[in-house]
Structure formats: structure tokens, C-alpha cells
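Data first, discussion second: the structure below is written as C-alpha cells.
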Amino acid sequence: MKKGSYKKFPDKNGNFGQYGGRYVAETLMPLILELEKKYLFYKKDKKFNHEFSKLSKDYIGRPSPLYYAKNLTEYLGGAKIYFKRDELNHTGAHKINNCLGQVLLAVRMNKKRIIAETGAGQHGVATATVCALFGLECIVYMGKKDIERQKPNVFKMNLLGARIVPVESGSASLKDAMNEALRDWVSNVENTFYIIGTAAGPHPYPMMVRDFQSIIGKELKNQIIKKENRLPNSLVACIGGGSNSLGLFYNFLDDKKVSLYGVEAGGKGIKTGQHAASLSAGKPGVLHGNKTYLIQDNAGQIKEAHSISAGLDYPGIGPEHSWLKDTGRVKYVYANDKDAIKAFKICCKLEGIIPALEPAHALSFVLKFAAKQNKKHILVMNMCGRGDKDLDSIANHLNIKI
Amino acid sequence: MNNNRINICFSKLKKENKSAFIAFLTACDPSFSMSLKLLKAMPKVGVDIIEIGMPFSDPMADGPVIQRSYIRALKSGASLIKTLNLVKNFRSTNNITPVVLMGYYNPILQMGLKKFINKAKASGVDGILIVDLPPEVSNELSLELSASKIDMIRLASPTTTLERMHSILKSSSGFIYYVSITGVTGSKINKILSIKKKYMYLKKLINIPFVIGFGINSPKKAHEISRYADGIVVGSDLIKEIEKGIENSSNIFNNVMSLVKKYSKAINK
């Protein structure tokens, strides 16, 4: 790897610059050290990688297509827009890439009980799916508020055999589900594997989740070269914890001519204080095992995040993003609830694709940005999830009864 | 050995062949004044060391009782500054009983490590225990602490190996806190006998006092464990009395103190 490469992080202690690390209670330390050891071993194991590739292809349906969004491109009259279609994956989002990797690791570590946290329910569904596939017990922690607004995914998880534990503490959303999952893990250390759904948490999770998701950018590189015979000018992805965006960006970090844009959830607007834009409006702190940008008050108490999208409704962000922000390699912007809904509607009508609310945030940025670029500019956005799960929320927002 | 309050306390108890009774209270639950009143009264009925919880919005190692306690405290306006003021007020009437602050890293980080330690020193804090700061990530704070002579109390748990115990010891002083069970605060202890085995296994390496906490929810269990442990931490069970007091509008102070007396008696039996 080249000197000065962005890809050589984290260091051996899990640090991305000053971010990352392992801020966990002593009881969990031996567990995450063991997990790191096992991951580093299997990462290089031929059989492991073979099984991961085979199931990625046959079970998830990879590679996901790279689609030229002609109508949208013509409508905006600027950059040539492509969608990386990870919403076509089995279970409807990018989340399953990571779940597959982690469950293969869990099986090899002889853990029979899987726990996970979920916000929008996409990670919960993906975890429940791989647990069904491997015959493992699955417990999903989900905020009570999210259970209300993501009913289809709750039903799916039940069908897949998972047990859902409603979390009522704190803001009853993703952050609190993660607290509860960590409490479960510390209580069931012997038999339990915690599948974290985003590139956050104590080392090695941010690295491991990024690695499993980096298949997105790897495929994209081949696909875009076949179609355009060159690299894109810009990549765009939405960010909650940051796993789909890192998956898209990672293989392009050292291609410095490729501009990278991460779109956070601006909620009702940054000024209202009701948002989930930790990078745009937060400051560095420690939560859930890592040092990273957090939405917090001056006394260091974590504030509730807000977003119409349950999957972005988190007051933190993966530590690698914090570092990529400080180094300036990735530009971080945000889109408000209203803008995301607007982009959502345009995408449905123009492209015949019903996006999840999460990538609708990325799309909202694309609408503004692409229009200002010339026609030679190639932009790729990660369509990281499909909108089925959000129909209730959107109908609600539009005051429509379904 | 430093001639500080923690060391003096344990040396004295050792001479008397007694375990330390360490009582945990959340700062400002339900109010600053009630916390202060309880702090002042507890040493008079046999509490040897006081642990004060620094309220945090996301206490990932705590069970429901302490979670609710932190929420109540934050609602009543708790902050790190107020916690330090509480210790300062307590110190104006008691210069003997050691005080250990227990909590999570983020509020301290936001105050600034240097500022926090200076204020803690000036307020009369003897030790700090930060749940989510294992030795691997505590270099910055350890450097600041060593000059202040405030003890860095660390946790050991049933998952701690002997090898790890060595590295924990290297960066600890005052005492080591053994988490009796794999679980959160206030969990149930199922096998009280197995605690002793693992405690003794680690104890042979430990040259400073080694106390036991988590899940000690009855004076009977406290008595059982006090027969071999250097100290016993009681937290959630005391906090429950505060909760009960709020729910049925009974006298919080009397409720807590009467339970503290029962523990004190059981531990010193």
C-alpha cells in the first residue's frame, strides 16, 4: 500500500487519527480482542472468502447492477447520473453484505446466539435472514418508536424467526437499541455474537463492517470502467452510521480525483436542533465504544437525534467518517426531511424506483449538485435501500391514508 | 504507599479484620440537597467509602435501576460541575471518608481532562473509575492523573485473564473493583459460590485491595461475600429505596439510611 494511503487505517489499536478506539467496559474487552484476532485470521482465509463470495452471488444476488439513470440525468441537464443498485440485494438494502460476513465469522467462533440493534429495521431483517440461513437464535433490539414506524420490517423479522425486544429507554430509537444490545452482550458473553449493523462501535467493528461493505465500491470500479472506461468524478451516499457510504467510498479513497460526498440527515433543519447531522453540527466525544463526532450538549450528554428516516436517526457516526471529515477527503453535507421526501417523489416518478428514505437524502443532494455540473461529469449514487418499509411513514407525512 | 484517604481507610479496616462497605449513590438523584444529606449521614452508620455516580445519558454498563436514577438526576439538573460541588460540600464536614467518582468518559472529555482533574483534586475526590475507559485507551487521562495523586480505580471481571490482570494492575491504584458477574449493574447473582473462586484466582496477583460489586442486592449476600472480599459495593439496591420513596411518597432519607444500616451490620458481622 502506498505511503500516505487513506486505506491503511485504522492502526493496530483501531484508531483513525484521533477517532475510533475501544471504549468499552472491562467485561467486553477480552471479547472484542478475541473477535479482532479471529477476524484478522479469517479475513485472509481462503475458505472463508470463498464462502462469502459464493453466498454474495447466489444468496444476496451480487454484483448489484450499475444503472444509468437516463431520465433523471435528462431532467437535471447536468452530470451523468448512475445508481449503484444495492436496493436490489436480497432483503432490500446493503445491510446484508455485512451480516453475511459477520455471521460466517460467528459460525466459525462457535457462537449460537446472535444479537443485533436496528433502526429502520433493515439491519434487523438482514440479521434475522442470515440467522435463519444458518439456524442460529436471533434477538433484535429495536426502539419502540422505530417499531411503530417500521411495521413491515418488524413483521418480516418475526416471520424469519427473530425475537424483537422493544427498547423504551432514552429516545426509544437506534442509539438506545445499541445501548441495550451492548447490555445484552455484557450479560451473555459466552455464547453470544453481536452483529453491529454500521461502521461504528469499538474496534474491530468499524474496520470489519467497512471491509464487508467495501464490495460495493469494488464492484463499482469494475462496472464503471466497463461502461465509461474511466473513473467517476463524484460518488454520493447517505450517512447514518456510515456503512453504505464507506462501502462505496473505500476503494476510491486513494483516487484523489474522485470527489466523495456524504449526506447526513438534517431532520427539521440544523437550526431547530432536531436533526441527525453529527458531522455538520456535532463535536468529538465518546459513545458506544468509539471516539467520534456526536450530537451532544456542552456537558457531554448525548442528545436525541431526529430524522424522518429511522435508519439515519443516530446521534453518532462511524469513526472513519470523523477522520475523513477532518482530513477533508470526504465532503459532508446534509438534507432535511422535506428535501428527502421531495427527492423520493421525483425518483418514483422519473425512474420507476421507490427508494428508501435513507438514499432519498443522498438523492436530494444529487438533485442540487448534478444540475450544476457539466455533461461530462459522471456521478454515482448508492441506492442503498428500497422504500417498501417506508410507505407508512411517507403516507403519514403526506397525510394520505393507505 | 501514599498516605491518602483510600489507603488509610483500607489499612485501618485490615487491622480490624473487616471488609470495606462501599455505598454507591447517584449525584443529584433526586436532588442535590438529598444527595448531600445522604452523603453526610452514611459514614456515621458504617459506610467506609462513598462512590458517587456521575449521571450520563447513555450508561451502557448499567441496569434499569441506575439508568432511571441517571435520568432523574439529569432532569433535576445534574452536571459534572454539580457532582464536584457535591463532593466539595461533603468535604467541608468530612475529611476522612474516601470519595470515588464513577461514570462514563464523555462528560469528562467535554469538560477537559486537566480542568476535571484540577477541580476533582480541589473538591477532595480520592479516586475515579471510568467504566468505558479500559487501559488501552486511557493514556491521556493516566498522564494527567498521576501528577494529581488521585487514584485510578479499574475494573476486573469474570472474563479477565491473568495476563490482562497484569496490565490492568499496572495502571491502577487505590483498589481494584471486581465485577462479580457478567452483566450490568443490578443484575441477579445466580451462583454466589463461583464468585469466590474467580475472585481468589485473580486476587493472588493483586497487591492492592480488591473489592466486589454488581448484583449484591441483599445484606445476606453482602455478609457472605464480606467473609473473603476486601470490600463490598452496594449500589442498585440503595437506589431502589430512592425510587420507592418517590413512588409511594415515603421518606427517602429514612428509607435509604435504614437499608444502609442493615448492610453495615451484615458486612461487619
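Give me a comma-separated list of calculated 3J(HN,Hα) values for segment A:291-297, in order, Karplus coefficients 6.51, -1.76, 1.60 applied at θ = phi - 60°, integers in Hz, x for any Gly or Pro.
Using θ = phi - 60°, the values come out as 8, 6, 5, 9, 8, 8, 8 Hz.
Name the residue, out of A:Leu174, A:Leu363, A:Leu133, whose mean-square fluctuation peaks in a Gaussian network model built on chain A with Cα pairs under 10 Å.
Of the options given, A:Leu133 has the highest mean-square fluctuation.
For a quick check: with amide H placed at 1.01 Å from N, whose amide H comes under 5 Å from B:Thr185's, ignoring anything fewer than 5 positions away on the same chain?
B:Asp62, B:Gly63
Dividing the Cα convex hull volume of segment B:195-269 by residue count, how many Å³ per residue is that?
Details: hull volume 6.2 nm³, N = 75.
Per-residue hull volume (Cα only) is 83 Å³.
Under the rule a/c < 1.5 gives rounded, and otherwise a/b versus b/c splits prolate from oblate, where does segment B:17-85 land using the Cα gyration tensor?
Working: a/c = 2.40, a/b = 1.48, b/c = 1.62.
Oblate is the answer for segment B:17-85, as a/c is 1.5 or above yet b/c matches or exceeds a/b.
Please get the size of the charge dipole for segment A:60-187, origin at its Cα centre, with Cβ charges of +1 on Lys and Arg and -1 on Asp and Glu, quoted in debye to the nearest 20.
Working: 18 positive and 11 negative charges, 62 e Å.
Charge dipole, segment A:60-187, about its Cα centre: 300 debye, nearest 20.
Go through A:Lys151/B:Lys75; B:Lys44/B:Lys119; B:Lys114/B:Lys149 and tell me which ones have a Cα-Cα distance over 23 Å in this structure.
On the way: A:Lys151/B:Lys75 32 Å; B:Lys44/B:Lys119 26 Å; B:Lys114/B:Lys149 13 Å.
From A:Lys151/B:Lys75; B:Lys44/B:Lys119; B:Lys114/B:Lys149, over 23 Å: A:Lys151/B:Lys75; B:Lys44/B:Lys119.
Of the options A:Leu133, A:Ala237, A:Ser259, report the single residue whose Cα projects farthest towards the positive end of the charge dipole of chain A (beta-carbon charges: Lys, Arg +1; Asp, Glu -1).
A:Ser259
Can you tell which of B:Ile50, B:Ile108, B:Ser172 lies farthest toward the positive end of the dipole of segment B:5-264, using +1 and -1 charges on the Cβ of basic and acidic side chains (Lys, Arg; Asp, Glu)?
B:Ile50
Could you report the buried accessible area between A and B, both sides summed, computed with a 1.4 Å probe and given in Å² to the nearest 100? Please list the in-between numbers first.
Values: alone 16070 and 12350 Å², together 25800 Å².
When A and B are taken together, about 2600 Å² of accessible area is lost.
Counting only protein chains, not ligands or nucleic acids, how are A:Lys283, B:Lys191, B:Lys88 ordered by accessible area (probe 1.4 Å), most first?
Values: A:Lys283 70, B:Lys191 145, B:Lys88 115 Å².
Highest to lowest solvent-accessible surface, that is B:Lys191, B:Lys88, A:Lys283.
Give me the percent of accessible area attributable to carbon and sulfur for segment A:150-191, probe 1.4 angstrom.
Working: 940 of 1720 Å².
In segment A:150-191, the share of accessible area belonging to carbon and sulfur is 54 percent.
Taking N as the number of residues in segment B:15-146, what is its alpha-carbon radius of gyration divided by 2.2 N^0.38 Å? Numbers along the way, then the final one.
Values: Rg = 14.5 Å, N = 132, 2.2 N^0.38 = 14.1 Å.
It is 1.03.
Does chain A come out rounded, prolate or oblate, given a ≥ b ≥ c as the square roots of the eigenvalues of its C-alpha gyration tensor, rounded meaning a/c under 1.5 and, failing that, prolate meaning a/b above b/c?
On the way: a/c = 1.34, a/b = 1.22, b/c = 1.10.
Since a/c stays below 1.5, the shape of chain A is classed as rounded.
Nearest 20 debye, what's the magnitude of the dipole of chain B about its Cα centre given +1 on Lys and Arg Cβ and -1 on Asp and Glu Cβ? Write out the running numbers ahead of the final one.
On the way: 38 positive and 19 negative charges, 180 e Å.
With only Lys, Arg, Asp and Glu charged at Cβ, the dipole is about 860 debye.
A:Asn15's amide H: which non-local residues (gap 5+, or another chain) put their own amide H closer than 5 Å, with H modeled 1.01 Å from N in plane and none for Pro or chain starts?
A:Gly21
Whose amide H sits under 5 Å from the amide H of A:Leu287, counting only residues 5 or more places off or on another chain, with H placed in the peptide plane?
Here the answer is A:Thr292, since their amide H atoms fall under 5 Å of that of A:Leu287.
³J(HN,Hα) across segment B:126-138 via Karplus (A = 6.51, B = -1.76, C = 1.60, θ = phi - 60°), whole Hz, x for Gly/Pro?
So the Karplus estimates, Gly and Pro as x, are 9, x, 10, 10, 10, 4, 9, 10, x, x, 4, 10, 10 Hz.
Which whole-number value in Å³ per residue fits the convex hull of the alpha carbons of the protein assembly as shown?
155 Å³
Between segment A:48-87 and segment B:128-147, what is the C-alpha centre distance in whole Å?
Segment A:48-87 and segment B:128-147 have Cα centres spaced 46 Å from each other.
Which aspartates and glutamates, if any, have their Cα less than 20 Å from the Cα of B:Lys82, not counting same-chain residues under 8 positions apart?
Counting by Cα, and skipping residues close in sequence, B:Lys82 has these aspartates and glutamates nearby: A:Asp297, B:Asp29, B:Glu51, B:Asp58, B:Asp126.
Residue separation times 0.36 nm, minus the C-alpha to C-alpha distance between A:Lys112 and A:Glu190: what's the value?
On the way: separation 78, 0.36 × 78 = 28.08 nm, distance 0.97 nm.
That pair, A:Lys112 and A:Glu190, stretches by 27.1 nm at full extension.
Excluding ligands, DNA and RNA, what is the solvent-accessible area per residue of segment B:1-110 at a probe of 1.4 Å, expressed in Å²? All intermediate terms of the calculation are to be shown ahead of the outcome.
Details: 4150 Å² over 110 residues.
The answer is 38 Å² per residue.
Among the aspartates and glutamates, select those whose C-alpha is under 15 Å from the C-alpha of B:Lys121, and discard any that sit fewer than 8 residues away in the same chain.
B:Glu144, B:Asp151
Treating the beta-carbon of each Lys and Arg as +1 and of each Asp and Glu as -1, no other charges, what is the dipole magnitude of the protein assembly as shown about its Cα centre, to the nearest 20 debye?
Working: 97 positive and 56 negative charges, 193 e Å.
In total the dipole reaches around 920 debye.
Spelling out what I want: for every residue of segment A:391-396, take phi, set θ = phi - 60°, compute 6.51 cos²θ - 1.76 cosθ + 1.60 (Karplus), and round to whole Hz; glycine and proline get x.
4, 4, 4, 5, 4, 4
Using only Cα atoms, what Kirkwood radius does segment A:68-123 have, in angstroms? Please report the intermediate quantities before stating the final value.
Values: mean 1/r = 0.0707 Å⁻¹.
Roughly 14.1 Å, rounded to one decimal.
Indicate the gyration tensor shape class of segment B:5-264 (rounded, prolate or oblate), computed on the Cα atoms with a ≥ b ≥ c the square roots of the eigenvalues: a/c under 1.5 is rounded; otherwise a/b larger than b/c is prolate and the rest oblate. Show your work: numbers first, answer last.
Working: a/c = 1.37, a/b = 1.09, b/c = 1.27.
Taking the square roots of the gyration eigenvalues as a ≥ b ≥ c, segment B:5-264 is rounded.
Among the listed pairs A:Lys156/A:Lys345; B:Lys14/B:Lys170; A:Lys112/B:Lys188; A:Lys227/A:Lys268; A:Lys7/A:Lys54, which are separated by more than 28 Å between their Cα atoms? Could you put the intermediate results ahead of the total?
Values: A:Lys156/A:Lys345 25 Å; B:Lys14/B:Lys170 23 Å; A:Lys112/B:Lys188 23 Å; A:Lys227/A:Lys268 39 Å; A:Lys7/A:Lys54 25 Å.
As for pairs spanning more than 28 Å Cα to Cα, those are A:Lys227/A:Lys268.
Once every DSSP H run of n ≥ 4 in chain A is given -39500 (n - 2.57) and the sum is divided by its residues, what mean residue ellipticity at 222 nm do you get, rounded to the nearest 500 deg cm²/dmol? Display every interim value, and only then the final one.
Working: 16 runs with 168 residues, N = 402.
When only DSSP H runs of four or more count, the value is -12500 deg cm²/dmol.
Along the positive direction of the dipole of segment B:5-264 (beta-carbon charges: Lys, Arg +1; Asp, Glu -1; about the Cα centre), which of B:Ala20, B:Val234, B:Leu155 reaches farthest?
My answer, from the dipole projection, is B:Ala20.
Taking 30 Å as R0, compute the FRET efficiency from the Cβ-Cβ separation of A:Lys38 and A:Asp11 and round it to 0.05. Walk me through the numbers on the way to the answer.
Numbers: r = 19 Å, r/R0 = 0.64.
Between A:Lys38 and A:Asp11 the formula returns 0.95.
On alpha-carbon atoms, Rg over Rh for segment A:245-402 using Kirkwood Rh? Walk me through the numbers on the way to the answer.
On the way: Rg = 16.1 Å, Rh = 16.4 Å.
When Rh is taken as the Kirkwood radius, the ratio is 0.98.
Which of the trypsin sites (Lys or Arg not before Pro) across segment A:43-83 are loop residues per DSSP, with 10 or fewer other Cβ within 10 Å? The partial results should precede the final answer.
Details: sites: A:Lys43, A:Lys44, A:Lys46, A:Lys47, A:Lys54, A:Lys57, A:Lys70, A:Lys80; in loops: A:Lys44.
Answer by residue number: A:Lys44.
The values are calculated or read from the model by the stated rules, or taken from the named source; none is laboratory data. Note that the coordinates shown come from a computational prediction; the quantities given were computed from them, not determined experimentally. Glycine also receives a Cβ, built like all others from the backbone with ideal geometry; neighbour counts cover every protein chain displayed. Ligands, DNA and RNA are stripped out before the accessible areas are found, and what is left, the full protein with its side chains, is counted by its heavy atoms. Shrake-Rupley method; radii C 1.70, N 1.55, O 1.52, S 1.80 Å.
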